[in-house]
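The values are calculated or read from the model by the stated rules, or taken from the named source; none is laboratory data. Not measured: the values here are computed from a predicted model. Here the Cβ positions follow ideal geometry from the backbone for every residue, glycine too, while neighbour counts run over all protein chains shown. Quick note on the areas: whole protein, heavy atoms, side chains included, nothing else; ligands and nucleic acids left out. Shrake-Rupley method; radii C 1.70, N 1.55, O 1.52, S 1.80 Å.
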Amino acid sequence: MSHPSIKDIAAKANVSTATVSYVLNGTRNVRPKTRERVLAAIAEMNYKPNNIAKSLKRRRTDTIGVIAEDVTVFNTPEIIDGINDYGDRHDLYILLTNLRLDKRIGRDFSQVDSYRAYAENAVSELLSKQVDGMIYIGVHPRDLTGLIDPEGKPIIYTYAYTQEDISIQYDDEQASYEAMSHFVQKGHQRIAVISGLMDSTPSRLRLNGYYRAVTEFELPFDPILIKMGDWEKESGYRLAKELLTMETPPTAILAMNDVMAVGVLEAAKELGVDIPGNVSLIGFDNREFSGYLTPKITTMDLPLHEMGYLAMQTLHERMQGKSTARPPMPVCRLTERESVAPPRQQKEMG
């Protein structure tokens with residue numbers, strides 16, 4: 001028998017179809033001997049429940065649609081792993097759609113119309129598969145208000161946000177502040193920063209953390225120490241050269257991502273500036289390569305797995321009809337390696 005039914009199981013075990021249903025769903029207590037007989041019949045006949053039929057009856061599928069703007073971008077795999085982690089613990093299924101935006105449109109994500117159709121098609125496909133809710137994973141944090149219509153399904157954004165929906169983001173400002181605090185604890189006062197693009201939300205928030213640290217620790221404020229990069233290695237290289245050839249160079253540099261930090265390393269090597277002997281360096285993102293450079297880069301680790309887990313948890317609560325407030329932002333943590341040391345004059349005094 002290729003596809004046995006509940007009726008076939010009931011006949012084999014000499015019980016009612018209702019009893020078989022109770023055993024399968026665990027909805028009522030069944031006497032142990034009867035339960036064993038039903039389970040033996042299920043095993044013998046290799047019965048597999050029709051999950052689609054069950055889902056239609058319950059009016060839910062326990063399936064979550066995950067829309068990733070690009071699964072090859074560094075942040076996305078760990079977020080998806082966090083989503084899967086929660087799903088595995090709560091018997092939720094995942095349907096993943098990859099928009100492949102990094103390959104399709106390049107890095108200019110401000111041109112929303114160039115990828116709106118891809119996002120809308122992904123939503124339509126997921127809705128046709130009866131998902132109970134959706135999670136949208138951005139390539140980088142930005143406002144996506146009006147990009148898609150989930151048609152009444154609950155949706156959570158992470159690594160992106162809208163004005164109407166719950167989004168799960170890490171605390172950029174606090175992370176930058178903590179990186180600065182680490183420099184100060186090591187004795188640094190003259191600290192430079194190489195930011196990302198100024199139309200970027202993370203850049204603005206991380207600069208806020210930089211300014212907060214300058215104020216709270218009463219650091220000397222010199223606008224020439226603030227450089228505007230573009231997230232790419234070349235800008236880190238070029239701006240680090242400007243900083244390191246100043247008449248009074250900084251003793252520490254905060255690069256707002258690890259890619260620009262690589263540019264800082266290259267500039268320092270070319271100029272004969274030792275890291276961390278002459279200047280200390282902290283990056284951001286804890287990219288895999290940051291632990292293989294010379295020196296290994298101290299960096300802020302992003303809570304990507306936690307963001308995915310929290311996005312899934314928040315969505316699940318909404319699917320269950322629970323009122324969910326915006327959860328606290330996950331925090332970044334400093335990963336200490338080899339690129340930070342006390343400033344040379346302090347070491348000499350010690």
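Summary table
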| quantity | calculated |
| --- | --- |
| Most fluctuating residue given options M260, M198, M134, as computed from a GNM of the chain linking Cα atoms under 10 Å | M198 |
| Order of exposure, largest accessible area first, which applies to T72, T298 with probe 1.4 Å | T72, T298 |
| Whole-number accessible area per residue in Å² for segment 114-233, which is evaluated in the context of all protein chains at 1.4 Å | 41 Å² |
| Area accessible to solvent at L147, 1.4 Å probe radius, in Å² | 0 Å² |
| Dipole axis of the chain (+1 Lys, Arg; -1 Asp, Glu on Cβ), positive-most option in S203, F221, Y237 | S203 |
| Tilt relative to the chain, helix 233-244 - C-alpha long axis, 0 to 90 degrees, to 10 | 30 degrees |
| Dipole-positive endmost among S124, Q174, A160 within the chain (Cβ charges, Cα centre) | S124 |
| Whole-percent pair-distance distribution, where bins are 10 Å wide, for the alpha carbons of segment 74-166 | 14, 50, 32, 3 |
| Charged-residue dipole, Cβ positions (Lys, Arg, Asp, Glu), the chain about Cα centre, Debye nearest 20 | 1960 debye |
| Average accessible surface area per residue within segment 259-350, 1.4 Å rolling probe, Å² | 50 Å² |
| Computed [θ] at 222 nm, helices only, for the chain once each DSSP H run of length n ≥ 4 contributes -39500 (n - 2.57) | -13000 deg cm²/dmol |
| Protein accessible area in the chain, 1.4 Å probe - carbon and sulfur % | 48 percent |
| Unsatisfied cross-links (Cα-Cα over 22 Å) in the set K103/K153; K153/K322; K48/K322; K103/K269; K186/K296 | K103/K153; K48/K322; K103/K269 |
| Size of segment 171-232 as Cα extents on the principal axes (Å, biggest first) | 30, 26, 18 |
| P(r) histogram, all alpha-carbon pairs of the chain included - 10 Å bins from 0, percent | 5, 21, 24, 18, 14, 8, 6, 4, 1, 0 |
| Max mean-square fluctuation residue, GNM over the chain, Cα-Cα springs under 10 Å, options I275, I137, I42 | I42 |
| Relative contact order of segment 166-268, pairs being alpha-carbon contacts under 8 Å that are 6 or more residues apart, as % | 33 percent |
| Dipole magnitude of segment 211-350, debye to nearest 20 (Cβ charges: Lys/Arg +1, Asp/Glu -1, about Cα centre) | 400 debye |
